[in-house]
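Encoded as structure tokens, the structure appears first; notes follow it.
Read-outs: derived from the displayed coordinates by stated rules, not from any lab. Just so you know, these numbers come straight off a predicted model, no measurement behind them. With ideal geometry, Cβ positions are generated from the backbone for all residues, glycine too; neighbour counts draw on all protein chains shown.
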Amino acid sequence: MIRSLFPAATLLVVATTLLQAQVSNSPVKITDIKSSLEKTPEFTISIGPQRKATSQDWLWIEVSFTYQSPVRNAPPIDDLTLNYYVLLNDVSAQNRTGTLLTGTIIHTGVTSGTDVHHSVALVSPQTLKRFFGARPPASVASATQAIGVTASVQGQLVAEMSTGKGKGSPSWWNKFQQGPAGLVLSKDQTPFAPLFYDYFDAVKAKAGN
């Protein structure tokens, strides 16, 4: 048997280095991740059924990114995929690592230039109550351990950033088992849908919509 010239650990280091070099040369850069707890917006209507409920906290994750192509008059990116990874701080005797929530948002019409682009993902009050019980977190620090975001174009990774315990650890989420799907939402899936339309980049409509 011919032994491999490189042990598996060495190959992993080489692959990671190549990937980081590729991302560092990308025209797409994630520049910031900010998270906060935001109350459900209230809207007043003059006609129709009236209902009143206490506004609750949503976990709001806002990402800033840039796209500066070296190609003059470069076309917009019509399929910039942002993958969100949210490691909740719901550590317990039954769940020693916390719950990893994931979500995907595809932006369209992302233009090249000096403008800063924005994306946002949210976790609902009901989801927070689901994992934190009757006492949902009162701050982002108590709600999350780490947040990671990747950007891809046509399946090719072009940018990555993490905050919290994930900062400086590329692809840290691969060490965790994913929790239930569909709990990290795009803005159009929430009561925030009609707000800040010109601030956030357009979200690509899902097939069939």
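See the values below:
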item: Within the stretch 31-120, GluC sites (Glu not before Pro) in DSSP loop having at most 14 other beta-carbon neighbours inside 10 Å; result: Glu42
item: Once exposed loop trypsin sites (Lys or Arg not before Pro) are cut out (DSSP; at most 10 other Cβ, 10 Å), longest piece of the chain; result: 97-205
item: Residues whose placed amide H lies under 5 Å from that of Thr144, excluding near-sequence neighbours; result: Asn89
item: Computed P(r) (all Cα pairs; the stretch 47-146; 10 Å bins; percent); result: 13, 34, 23, 20, 9, 1
item: Theoretical ellipticity at 222 nm over the chain - DSSP helices of four or more residues, -39500 (n - 2.57) apiece, nearest 500; result: -4000 deg cm²/dmol
item: Alpha carbon convex hull of the chain, volume per residue in cubic angstrom; result: 187 Å³
item: Dimensionless Rg/Rh of the stretch 109-174 - Kirkwood Rh, Rg from C-alpha atoms; result: 1.06
item: The stretch 127-147-the stretch 29-78 distance, computed between alpha-carbon centres (Å); result: 19 Å
item: Sequence-distant lysines (8 or more away, or on other chains) whose Cα lies within less than 21 Å of Lys165; result: Lys29, Lys34, Lys175
item: Three-way shape call for the stretch 125-209 based on the alpha-carbon gyration tensor, with the a/c threshold at 1.5; result: oblate
item: Global form of the stretch 71-120, assessed from the alpha-carbon gyration tensor, a/c cut-off 1.5; result: prolate
item: For the chain, the longest site-free run once chymotrypsin sites (Phe, Trp or Tyr not before Pro) in DSSP loop states with at most 16 other Cβ atoms within 10 Å are removed; result: 44-175
item: Set of lysines near Lys39 by C-alpha distance (under 23 Å), chain-local residues within fewer than 8 positions excluded; result: Lys52, Lys129, Lys187
item: Relative contact order (%) - criterion: Cα under 8 Å, at least six apart; region: the stretch 51-199; result: 29 percent
item: Average Cα contact separation per residue, the stretch 21-61, under 8 Å, 6 or more apart, as relative contact order %; result: 50 percent
